[in-house]
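What follows is calculated from the coordinates using simple rules that are stated; it is not laboratory data. Not measured: the values here are computed from a predicted model. Here the Cβ positions follow ideal geometry from the backbone for every residue, glycine too, while neighbour counts run over all protein chains shown.
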Amino acid sequence: MDIFGYIKSNMPRQRNTIEYEVYGSLALFSDILTRTGGEKFSYPIPTYEALKGITHSIYFKPTLMWIVDAVRIMNPIRTVRKGIRPVNYSGGNDLSYYTYLDDVRYQVRAHFEWNLNRPELEADRNENKHHNIAMRMVTRGGRRDIFLGTRECQGYVEPCIFGDGEGAYDSCGEIPYSLMLHGITYADEAICEEDKGQMTVRLWRPVMKNGIIEFIRPENCDPALKRHIREMSIKPFGHGLGNFSGLDEFEGGSTNELE
């Protein structure tokens, strides 16, 4: 089966899907086991959380939650080691070695769903509006700066058709990876009852099939591979709270204000 057959048969496309290509000269999706030692080492593939962060940089509103469906690895996986002088808050100079991914390019497919933990933003649940804005932001390279895992790794976003073009691993078959970070569930996006009011770290074991990694949804991660880090409350949004409500455009009741 060719890559297009694989995509059509295994990956249903949501109607509010966005597809984009993100690339850069360096990427650092830090292995959580190496972060505390000061010398960071990148996972060979991007994490769900990193791709979700990139999608947030393209377009984000607290009304919705982005679900990353899949990533396609386009360039060969190569690493490069660089000497870094990190900030030493106790004074003096430090030297660390960071292992980056070199010359990366990924195709990403994601869709959004309403954040049901925010009933105060229910009036802002206009699917066509948010999807159209997100599509425009993809063509413009995102609303905010794009980073490939860490701030020194600048990324760039362009629209694409997921599965289009030739990838380095289109015929590689199935490649399993060891235990990796999936992402972090914050209290305002928690779906499972046991995760509500908590900050939760999720782990998983990804598998790449012909260059494509399909992500399991955060709430479907193995409970045995989740850890509650600390209690966390949900920051409310709304008028009179001194923060963005997302409802200003609905004042006046005219549908023309949605356009």
Checklist line | Qualifying position, being aromatic (Phe, Trp, Tyr) and closer than 25 Å to Arg118 by Cβ, among Tyr156, Tyr186 | finding: Tyr186
Next item on the list: Give the residue that is nearest to Phe215 (Cα to Cα), with candidates limited to residues of segment 143-177 that are in a loop (DSSP other than H, G, I, E, B) and of a type in the set (Ser, Thr, Tyr).
Entry: Tyr177
Check: Within segment 153-172, how many residues are of a type in the set (A, V, I, L, M, F, W, C) and at positive phi?
Finding: 0
Checklist line | Sole exception among (1) out of contact with any Leu (no Cβ under 9 Å at 6 or more places or on another chain); (2) under 21 Å from Ile73 (Cβ atoms) for Leu203, by number | finding: (1)
Margin query: Out of the strands (runs of 3 or more DSSP E) lying entirely within segment 178-217, which hold 3 or more residues that are closer than 24 Å to Gly163 by Cα and in contact (Cβ under 8 Å) with a residue 24 or more places away in the chain?
Written below: 207-209, 212-214
Margin query: Restricting to segment 131-156, and then to whatever is among the hydrophobic types (A, V, I, L, M, F, W, C) and out of contact with any strand residue (DSSP E or B) (no Cβ under 8 Å at 6 or more places or on another chain), can you tell me which residue is nearest to Val104 (Cα to Cα)?
Written below: Met137
Margin query: Among (1) surrounded by fewer than 17 Cβ atoms within 10 Å (Cβ to Cβ); (2) of a type in the set (Lys, Arg); (3) in contact with a His (Cβ under 8 Å, 6 or more places away or on another chain), there is one condition Arg202 misses while meeting the rest; what is its number?
Written below: (1)
Next item on the list: Report the residue count in segment 109-124 for those that are under 20 Å from the mean Cα position of the chain (by Cα), not hydrophobic (A, V, I, L, M, F, W, C) and not in a loop (DSSP other than H, G, I, E, B).
Entry: 3
